[in-house]
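What follows is one structure encoded as structure tokens, with my remarks underneath.
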Amino acid sequence: MAPDNVSKAPARSTTLITVAVVIVGLYFGRIVLIPFALAVLFTFLLAPLVIRFRRWGIPRIPAVLIVIALTFVATLVIGVLMFVQLADLAQKMPEYQQNIRAKMHSVRDSSTGTINRLSSAIHDLSESLTPAMPPPTEPGQEKPVPVEIRGNTFSPLTVVRRILGSVIHVLLSGSIVLVYVIFMLFQREDLRDRFIRLIGAGQINATTQALDDAAQRVSRFLVAQLLLNVAFGVLAGIGLYFMGVPNPILWAMLSALLRYVPYLGIWLAAAMPAAVSLAVSPGWWEPIWIFALFFGIDLVVLNFAEPLLYGTSTGISPMAIVVAAVFWTWLWGPIGLLLATPLTACLAVIGRYVPSLEFLSIALSDEKVLTPAERLYQRLLAHDIDESIEVARECLRQKNLVRFYDDVLVPALVLSEAERQKGKLDPARQDVFYEDVRLLIEECEQWPDGLDSASVPAGAARAVEENTQQPFAVVSIPARSQADELVAILVTQLLARRGIPARHTSAVALASEALEDAGRNGARIACICAVPPLGSRHARYLCKRLRAQSPRLKIVAAIFDQDELQSAKQRHPPIQADEFAATLEATLAAILSLAPAAAEPEPAVAHH
């Protein structure tokens with residue numbers, strides 16, 4: 001095992017043990033933690049209103065009391081409306097009994113023939129498979145079967161007691177939540193300061209960012225969810241009203257409430273009015289139309305309203321929402337399903353700002369966990385050239401070819417070179433990787449680079465036009481490795497697109513051979529391509545050899561890392577190059593800026 005893995009093993013074990021202990025604590029402490037979590041949820045929802053009232057000049061205590069009073073009145077109005085609607089529905093149900101009986105008779109009559117035929121076939125089959133029964137015993141030998149009649153253990157008093165117990169439990173839990181919310185709104189700043197102090201005075205910046213991020217995400221999510229659910233309920237109620245379903249106000253409010261339940265709430269909300277319409281309407285199509293209505297509204301909300309209102313409010317991936325819904329439902333029951341999204345959003349924020357819990361952010365957030373360069377490198381390592389080309393196409397929808405090379409492909413080569421230097425890239429996979437990069441470069445050769453012709457200096461353009469009379473060629477020389485050679489190929493490809501004759505040498509060639517090749521082909525500009533971390537050392541050596549061999553040769557040192565380039569320029573003795581570049585775009589600009597001087601004819605050698 002590598003030393004870094006050995007050092008990380010105890011930390012990972014500690015983290016796993018801590019997570020397991022926290023989960024056990026959440027499960028066994030749910031009686032206390034569920035009201036507290038609900039209170040935090042309502043505090044996030046109501047805090048923006050309190051802040052708004054305070055900005056209007058209302059003191060803290062009156063602002064909190066006004067918000068609590070408005071919330072209580074709204075809850076009371078909704079509860080009274082739902083109770084009145086339920087009572088009205090219960091009063092009307094006897095009127096629909098005749099319609100229900102008629103539908104049941106029609107179902108029974110239409111299915112009697114089929115059921116009888118199936119029963120007869122099953123009976124005949126069972127008789128053919130069952131062996132003959134033994135002859136019956138004498139009448140005197142039959143033993144009586146004891147029969148015990150038990151009374152109903154559920155008396156009316158027991159039912160009333162259980163109902164009252166449930167109601168009292170709900171009222172007590174609601175009272176605890178209300179008290180929590182009031183005190184949290186009263187002491188919001190004090191609780192924030194205490195939490196920051198609890199985390200540690202030396203981490204005030206990180207803690208403040210985490211609190212602000214979590215509060216903003218959860219508050220925006222809850223407000224947006226409230227608006228969407230109310231709009232969904234209103235649209236559903238209007239649709240049910242025009243469809244003739246009784247008590248549309250009741251179903252509208254239930255739809256708005258049940259939509260807080262992820263994924264299942266919408267179908268539960270549609271099932272209840274569909275069942276009532278089955279009892280009310282004379283036909284069978286009304287329930288289907290009701291499900292279609294709810295599905296259509298939800299489709300519009302999911303595809304248009306939610307992306308507009310939610311935006312990046314939660315920052316959770318869809319898969320994480322599904323897993324979180326299952327986890328919190330298993331942990332805390334139906335309340336856990338309601339709290340799943342806000343709690344998961346808080347966990348994702350914590351993972352973003354706490355290094356030891358970074359795995360939470362990676363697993364839960366909707367952010368890209370791999371950069372485009374890392375994705376391309378991983379796909380090339382996996383020998384998946386098709387998906388590698390697809391990654392390249394995705395990047396080219398947002399940037400031109402040169403920027404794709406600079407931002408994605410060259411960083412992928414830097415990653416490969418770093419792992420090769422550390423011995424983490426075996427030779428076989430290394431060869432496959434470089435071969436796939438060559439295939440990708442060939443595929444990219446047919447794509448436009450998107451660079452503006454205005455970026456080419458005027459002198460360079462004239463030199464290119466006159467290269468038939470005063471030719472100047474560019475040779476791209478890799479510093480040493482195959483990654484250096486691939487970058488040299490990129491330079492050659494991009495120069496050829498601009499009408500500049502260029503060629504590259506091989507990485508397997510000796511330095512002397514590369515230098516002789518440059519002189520033999522009459523090159524006027526040499527571009528030394530080096531990929532860090534070790535390429536700059538070899539680039540320094542090649543520049544020195546080239547300068548000694550061809551003093552008039554223009555040299556561009558392209559070291560594809562800004563920090564490495566600055567470090568190489570500051571060392572003594574300095575790199576003997578005319579221009580320096582850390583990107584392909586800068587390399588092209590440097591070569592084109594040297595083109596007019598490179599195109600000048602060499603002075604005639606005097607003969608004595």
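The values are calculated or read from the model by the stated rules, or taken from the named source; none is laboratory data. Keep in mind it's a predicted model, so treat the numbers as computed, not measured. When we count neighbours, we look across all protein chains shown, and the Cβ atoms used for this are built from the backbone with ideal geometry, even at glycine.
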The condition from (1) outside the structural domain of residue 69 (by TED's automatic domain parsing); (2) within 21 Å of residue 30 (Cβ to Cβ) that residue 232 misses is numbered (2)
If residue 229 satisfies all but one of (1) out of contact with any Lys or Arg (no Cβ under 7 Å at 6 or more places or on another chain); (2) part of a helix (DSSP H, G or I), what's the number of the condition it fails?
(1)
Residues that are modelled with pLDDT under 85 and either among the β-branched types (Val, Ile, Thr) or at positive phi (or both), drawn from the range 470-504:
499, 500
Within the range 552-571, how many residues turn out to be hydrophobic (A, V, I, L, M, F, W, C) and at pLDDT below 85?
3
Which one of these does residue 182 not meet: (1) closer than 26 Å to residue 344 by Cβ; (2) in the same structural domain as residue 89 (by TED's automatic domain parsing)?
(1)
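Residue-wise test of (1) part of a helix (DSSP H, G or I); (2) without any contact (Cβ under 8 Å) to a residue 60 or more places away in the chain; (3) surrounded by fewer than 22 Cβ atoms within 10 Å (Cβ to Cβ); (4) in the same structural domain as residue 595 (by TED's automatic domain parsing).
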{"position": "536", "(1), (2), (3), (4)": "yes, yes, no, yes"}
{"position": "544", "(1), (2), (3), (4)": "yes, yes, yes, yes"}
{"position": "548", "(1), (2), (3), (4)": "yes, yes, yes, yes"}
{"position": "556", "(1), (2), (3), (4)": "no, yes, no, yes"}
{"position": "564", "(1), (2), (3), (4)": "yes, yes, yes, yes"}
Here is a list of conditions, (1) closer than 28 Å to residue 44 by Cβ; (2) out of contact with any Gly (no Cβ under 8 Å at 6 or more places or on another chain); (3) modelled with pLDDT of 80 or more, and residue 297 meets all of them except one; can you say which number that is?
(2)
Can you report the number of residues in the range 287-303 which are within 22 Å of the chain's Cα centre (by Cα) and either polar (S, T, N, Q) or closer than 15 Å to residue 244 by Cα (or both)?
1
